[in-house]
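Engineer: Sharing a structure here in structure tokens format.
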Amino acid sequence: MMKPTRGQKSKNSPVGSQCVLVLQGPNLNMLGSREPEIYGHTTLADIHRAMENRAKALGVRLESYQSNHEGELVDRIQSALAEDVTFIIINPGAYSHTSIAIPDALKAVRIPYIEVHLSNIHARESFRHHSHFSAGAMGVVCGLGAQGYLLALEAILDRLRPARP
């Protein structure tokens with residue numbers, strides 16, 4: 001199984017296409033084995049593969065990046081600006097409730113983003129009910145498991161399609 005690694009670019013991507021960056025926060029590298037009763041059995045590689053297949057079919061480049069370290073996520077967001085990333089899909093994990101630096105980086109680069117959570121953060125412990133990311137996001141998907149990533153991608157793909165007369 002292919003496991004997305006930090007900074008790994010999708011292979012066979014169309015050159016010069018639109019780029020969607022998928023950012024994964026702490027512990028998401030453990031999907032499939034970590035608390036499957038909450039997060040399911042789908043792995044991060046499974047999610048990436050499904051998203052990449054959908055994006056590739058429409059000529060959109062998809063890049064994935066996972067880190068357990070806040071500063072690395074900030075650095076990746078900042079570098080996205082120079083790479084002409086069009087949209088970001090982010091699951092900040094636990095940083096949703098604690099990080100100010102990552103939302104500040106997103107605000108600084110002005111790349112539109114969708115926040116995704118596998119579980120419904122509003123139905124869990126009270127400290128998870130607030131996300132520092134939601135106010136700046138163009139949308140938030142939570143509680144739909146791995147399907148949430150595909151829904152976020154579809155919303156972005158709809159925006160990338162040329163307008164019909």
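Read the figures in this text as sums done on the coordinates, not as results from a lab. As the structure is a computational prediction, the values presented were derived from the model and not from experiment. Methodologically, a virtual Cβ is constructed for each residue, glycine included, from the backbone with ideal geometry; neighbour enumeration extends over all protein chains shown.
Engineer: For the modelled label position 7 Å from the Cα of Glu35 along Cα-to-Cβ, which residues of segment 56-93 have backbone nitrogen atoms closer than 13 Å?
Structural biologist: 93
Engineer: Could you tell me the ratio Rg/Rh of segment 19-160? Both radii from Cα atoms, Rh via Kirkwood.
Structural biologist: Using Cα coordinates only, the ratio equals 0.93.
Engineer: Distance in nm between label sites at Leu160 and Lys107, each 7 Å beyond Cα in the beta-carbon direction?
Structural biologist: Simple spin-label model gives 2.8 nm for this pair.
Engineer: Classify segment 21-79 from the C-alpha gyration tensor, please: rounded if a/c falls under 1.5, else prolate or oblate depending on whether a/b exceeds b/c.
Structural biologist: In terms of gyration-tensor shape, oblate.
Engineer: Could you give the length gained on full extension between Ala57 and Ile100, defined as 0.36 nm per residue of separation minus the Cα-Cα distance, in nm?
Structural biologist: 11.9 nm
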